[in-house]
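Below is one structure, written out as structure tokens; the observations come after it.
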Amino acid sequence: MDPKPKLQHEDITDRIIKAFFATYNELAGFPEFVLRRAMAIAIRDAGLTVDEEKPLPVWFKGHQIVKFRADLVVASVVIVEVKTRPEIDPFNKAQVLHYLKATDLEVGLLLNFGRRPEFHRVAYEQSRKGPRFSSPVQQEDGTKPPAQFPTASELS
């Protein structure tokens with residue numbers, strides 16, 4: 001029998017998921033902002049770096065049109081979205097997918113502190129994203145936009 005293929009950033013996502021279940025067991029029922037903060041602490045306690053409410057840019061035809069905030073970005077490679085819905089719905093999954101499409105990050109976790117603990121792993125490979133810009137236009141500050149997706153560390 002073939003061994004299970006290794007998932008991208010599996011070691012990191014495994015630690016995040018373990019922190020999620022521990023946090024759920026202790027704090028389920030609290031509002032989303034409380035759980036997001038608790039998850040950041042639990043993930044740091046697991047030995048990983050965490051950026052909270054990380055601004056991530058959205059680009060359209062060479063223009064940065066807005067920045068949205070990911071709940072957590074872990075180890076500069078995994079987006080974590082925290083929810084408190086009765087259950088995960090397709091909109092929540094799509095939200096994480098759109099976050100991945102807008103950045104150089106390829107792995108996201110949706111953690112739901114609902115009736116029961118649920119998580120959903122989303123992956124979107126860089127090779128599927130294609131070029132970010134149709135033409136090299138100027139940004140609002142007069143500089144040319146980067147030719148490729150900025151790295152998570154460049155976004156801080």
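Coordinate-derived values only; no laboratory data. Note that this is a predicted model, so its numbers are computed, not measured. FYI the Cβ positions are ideal-geometry reconstructions off the backbone, even for glycines, and counts take in every protein chain you see.
Compute the Cα gyration tensor for the stretch 1-78, then decide on rounded, prolate or oblate, letting a ≥ b ≥ c be the square roots of its eigenvalues: rounded whenever a/c is under 1.5, prolate when a/b is larger than b/c in the other cases, and oblate in all that remain.
Oblate, because a/c is 1.5 or more while a/b does not exceed b/c.
Can you list the residues, at least 5 places off or on another chain, whose amide H is less than 5 Å from the amide H of PHE113, using H built in the peptide plane?
Excluding prolines and chain starts, which carry no amide H, the hits are LYS83, THR84, ARG85.
Return the subset of LYS61/LYS101; LYS18/LYS83; LYS4/LYS101; LYS54/LYS93 for which the Cα-Cα distance in this structure is over 24 Å, preserving the input order. Please report the intermediate quantities before stating the final value.
Numbers: LYS61/LYS101 14 Å; LYS18/LYS83 16 Å; LYS4/LYS101 26 Å; LYS54/LYS93 19 Å.
Where the Cα-Cα span goes over 24 Å, the pairs concerned are LYS4/LYS101.
³J(HN,Hα) across the stretch 115-121 via Karplus (A = 6.51, B = -1.76, C = 1.60, θ = phi - 60°), whole Hz, x for Gly/Pro?
4, 9, x, 9, 9, 9, 9
What does the highest-first list of 111-122, 26-37 look like by mean Cβ count within 10 Å?
Numbers: 111-122: 17.5, 26-37: 14.3.
Those peptides, ordered most packed to least, come out 111-122, 26-37.
What order do you get for THR49, THR103, THR13, THR84 when you list them from fewest to most C-beta neighbours inside 10 Å? Intermediate results must be reported in sequence, preceding the final value.
Working: THR49 11, THR103 26, THR13 22, THR84 17.
Ascending Cβ contact count within 10 Å gives the list THR49, THR84, THR13, THR103.
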